[in-house]
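Quick notes on the structure that follows.
Values quoted throughout were computed directly from the atomic coordinates according to the rules given, and no laboratory measurement underlies them. Since the model is a prediction, treat every value here as computed from it, not as a measurement. In this analysis, Cβ positions are derived from the backbone assuming ideal geometry, glycine residues included, and neighbour counts consider all displayed protein chains.
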């Protein structure tokens, strides 16, 4: 009887193990990280069929997202020529309030096109090599660049040390987050700390924050809490999406959360290789 129970336990375990792998793969599915290993298609016929269907679905999702990015890049690129012609024609017209309005409209369109191209490029590694940076100097240099133009960006605290990362990608990530903080909070504060063996760079603001049920959606392309897209706040809804795409290329992550005292904090978590 004991031998029979052991055999039954082994048979059930062999049957359910592929299902556990399938469930884990579904929970961790990230279409933005193409090229990951497919789950094993071994096992009983029904389980193998489910695994093949899952792998095929994952490939279709990845292909769909890549195609969407390519379309966005192509449209954004092709729009640059007619926009340039329109700007040249506008520059040749007589000064008037209508000319100023047209110039503002063209600037807004150009910003949308540039952000579209930046988003498309950020979805793939740009070939930048990893190098070691001094955290204190790196963060200070970003803050000084803003301070030189009169923008209130301050550094609350920085841990001493170095990190291995892609400097240009990290700088673009942080400037996008800082621009977002300035836009909605009027000022931005930076801090760097070691946490659980990794590096956490925080960008804090004193703005209205984001409703908790929309924090995840805020990282999606073209998401805007304010749908009017007016010129007071500006933006195209791509800043956070670009930052999220870029942080994936350096093996990190971004998390948004509301501060108890008001405002939003965006945390960039870098991998622990330092």
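Among the numbered criteria (1) surrounded by 14 or more Cβ atoms within 10 Å (Cβ to Cβ); (2) assigned to a helix (DSSP H, G or I), which one does residue 202 miss?
Single failed check for residue 202: (2).
Tell me, which residue of the stretch 161-170 that is more than 13 Å from the chain's Cα centre (by Cα) and part of a helix (DSSP H, G or I) is surrounded by the most Cβ atoms within 10 Å (Cβ to Cβ)?
So the residue we want is 167.
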